[in-house]
Structures are given as C-alpha cells and as structure tokens.
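K.L.:
So that we are looking at the same thing, I have put the structure below in structure tokens.
Any read-out appearing in this document is the output of simple, stated calculations on the displayed coordinates, not a laboratory observation. What you see is a predicted model, and the numbers here were worked out from it, not measured in a lab. With ideal geometry, Cβ positions are generated from the backbone for all residues, glycine too; neighbour counts draw on all protein chains shown.
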Amino acid sequence: MECNDQLEYIVTITMYENKYFWASRNNVELTRRLSGAYTYFFAVNGAGYIKVLSTNLRETLDPYLDETEKTYDYIEHMSHGLKTISYYGKEIN
C-alpha cells in the first residue's frame, strides 16, 4: 500500500461545539468514554467505534503491552451489515 493510500484510511475525529464527529466516516456523531488507558469513541448510530491507547500512559504500560499495542495507537471497528471491518493505525502528529 502506498503512502497516499494509507492516508486515505486514517481515522479522523473532530470536535465541534463540544461534540465529537467521525470525520473520516461521513461525520457520524461520536460519544467519548474513558476506560483505563483507553479512550473510546462510539458512533451514536451504531456504525462502529474507535479505541485509542493513551500516549501519556504508553511508556508506563510498556512492559505490559503486547506486540499489537506496541505497534499501533488505535483500532477502528466498523459495522457493515452483519460483518465488521477493523483497521489498526498510528497517530500522526
């Protein structure tokens, strides 16, 4: 996959008037929840969710992280009919 193709699939979450939106998925509204080292963004329409590992806790948790958690910063789960699609990704600053 070329770099431009990878950029097409990057999860983008925006905040507008204290609400979160899944900008990379047709601006579906999201609700935000914190749970331990993770932040979850759930689509209010049931379309899926994004789970983000806190960058602030990554160093502290490093001895307990598995290879996937050490490699990626988030996972995006999308519902498509009775199937799910998952993407792993890294935060881009």
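K.L.:
Tell me, what HN-Hα J-couplings in whole Hz come from the Karplus equation 6.51 cos²θ - 1.76 cosθ + 1.60 at θ = phi - 60° for each residue of region 47-61, using x for Gly and Pro?
P.N.:
My calculation for region 47-61 gives 6, x, 7, 10, 10, 10, 7, 4, 5, 5, 9, 4, 5, 5, 7 Hz in order.
K.L.:
Tell me, what is the FRET efficiency for residue 72 and residue 29 to the nearest 0.05, using R0 = 22 angstrom and their Cβ-Cβ distance as r?
P.N.:
The pair residue 72/residue 29 has a calculated efficiency of 0.35.
K.L.:
How big is the chain along each principal axis, measuring the range of its Cα positions in Å and listing the largest first?
P.N.:
Here the spans come out as 36, 34, 30 Å, largest first.
K.L.:
Taking region 30-93, which trypsin sites (Lys or Arg not before Pro) meet the DSSP loop condition and have no more than 14 other C-beta atoms within 10 Å?
P.N.:
Those that pass, being in a loop and sparsely packed, are 90.
K.L.:
Sticking with this structure for a sec: How would 15, 78 line up from fewest to most surrounding beta-carbon atoms within 10 angstrom?
P.N.:
Going from sparsest to densest Cβ surroundings: 15, 78.
K.L.:
Most mobile of 44, 28, 11 per a Gaussian network model of the chain (Cα springs, under 10 Å)?
P.N.:
Of 44, 28, 11, the most mobile in the Gaussian network model is 44.
K.L.:
Let me ask another. Which value at 222 nm does the chain reach when only helices count, each DSSP H run of 4 or more adding -39,500 (n - 2.57), with the total divided by all residues and rounded to the nearest 500 deg cm²/dmol?
P.N.:
-4500 deg cm²/dmol
K.L.:
If you don't mind, another one. What's the longest bit of the chain with no exposed GluC sites (Glu not before Pro), using DSSP loop states and at most 15 other Cβ atoms within 10 Å as the test?
P.N.:
The answer is 18-90.
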